[in-house]
1. With just the Cα atoms defining each centre, how far is the stretch 42-68 from the stretch 19-34? Give it in Å.
2. Could you work out [θ]222 nm for the chain from helices alone, using -39500 (n - 2.57) per DSSP H run of at least four and dividing by all its residues? Round to the nearest 500 deg cm²/dmol.
3. Kindly state, as a whole number, the per residue volume in cubic angstrom of the convex hull around the alpha carbon atoms of the stretch 148-231.
4. Run the simple label-point estimate for residue 227 and residue 256 please: 7 Å along Cα→C-beta, distance reported in nm.
5. For the ranges 363-369, 264-270, what's the packing order if you count other beta-carbon atoms within 10 Å of each residue, average per peptide, and put the highest first?
6. Need one number: the % of Cα-Cα pairs in the stretch 257-398 sitting beyond the 27 Å mark.
7. Could you please tell me the mean projected area of the C-alpha convex hull for the stretch 48-286, averaged over all directions and given in square nanometres to one decimal?
8. Relative contact order (percent) for the chain, with alpha-carbon contacts under 8 angstrom and 6 or more residues of separation?
C-alpha cells in the first residue's frame, strides 16, 4: 500500500519553536494574557531606512520581473563588503547564494553536500531545524551533547569520539541558538584545525554574529582556520541583526562549485528571492550598524534581568548567556515535583503546565536535544519579560 506522504517528508517534525509561538498566539487571540518566550524574533521594527528602500523599490518596474536566481548583483556586492567588514573573510560575489531566509540556506546546504548515509556531527543543544534538514536528504545526525557543566560548548575530544569513516560534515554555531553560548578564539581554532586535518566539511551558522555581550567576541572559523575554506559553508541572514525576520533574506557562502550547484537547484525550487526584500537587505547591509547597537543594548539589559530572575527561582539554574538572545536554564531541579496539581516528569510536562496555569510559553529542551533544559527568548519587552518570569516563579513557589 502506497504512503500518501513521502517517507522523506513524513519523518519531519513540526518546528517546535514555531509550534509554541503559534499556540501562544492562538491563546492571545482568545483573549488570554499570554506572554511568549518561544520565538527567536526581535520585537523591534525594521529600521526606517531599510523600509524606505523597499518602498522605493516597489515603484521600480525592473523589480516587477524575474531576477537572477542566485541573488541581485547589488546585494551580492553588499554581501562581499559586509563579510569583509564584519568578519574579515574575503570572498567573491559568485561565492554567495541569496536564499529565502536562513532556513532555505540550511536546506540548500544539506541538499548540496549530503548523500544518503553520510553522517553529520551535530553538537547539542541544537537549533530544531538542523536534524530535520539532515534527515530530509538521507543523512544521519550524530548528536554530541555539551551540557551546562561545559558551558554548552563541545570539545575536540568529543568530536573525535563521534567521528567515523562516514562523517561528512560538522555543524558549528556560535553564538548559539538555543543556549547563548559563544566559543572562544582558541576553541574555534582547535575545532577548525581538527576538521581540516580530517577532511570534514564545516557548516558554520553566523546569523547571531553581532549579538554578543560584555567582553565576549565573535570569531569566524574560516578566518581563524583558512585551511577549511575549501570545505566550509557559512550561513547567515538579515533576520536577527536587523529585525527583518519577515523579510525572508538569508544566504550561504562557500566554495564556487558548491554555490553553483546550490544555485542551480534553487533556480528550479524557488527561483529568485523577492526583489523588494533583496533591495531592503542591500540597504540593511550597506547602512552601518548603529541600529544593531541600539537593539543589542536593549537585549543586554534583558539578558542580565532574565539571568538573575531565573536563578532566583528555586530549582532553576541558568548560565549567563554570552550571545544571541536566549537563556537556556536547567530545570532538572523542578522534575519530580507537583506543580498546580500536576506531577512534573519532563520539561515537556512543565511547559504544558506553565502555559495552562501561568499563561507563559517557552520551548522545552526536548526540542533541542537537551531534556531537562528549556529555551527562553529574551527578544521581548522588559516589562513582559519580568512579568512572565515572575509568573513562573510564583507558580513554582505555590
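1. Spelled out, the Cα-based centre of one part sits 30 Å from the other.
2. Calculated at 222 nm, the ellipticity per residue is -13000 deg cm²/dmol.
3. With only Cα atoms used, the stretch 148-231 gives 99 Å³ per residue.
4. Modelled inter-label distance: 2.5 nm.
5. In descending order of packing, they fall as 363-369, 264-270.
6. When every Cα pair of the stretch 257-398 is considered, 41 percent fall beyond 27 Å.
7. Projected area, direction-averaged: 12.5 nm².
8. Computed over the chain, the figure is 23 percent.
None of the figures in this text is laboratory data; all of them are computed from the coordinates on show. Keep in mind that what you see is a predicted model, and the values were worked out from it rather than measured. Please note: Cβ atoms are built from the backbone with ideal geometry, for glycine as well, and neighbour counts cover all protein chains shown.
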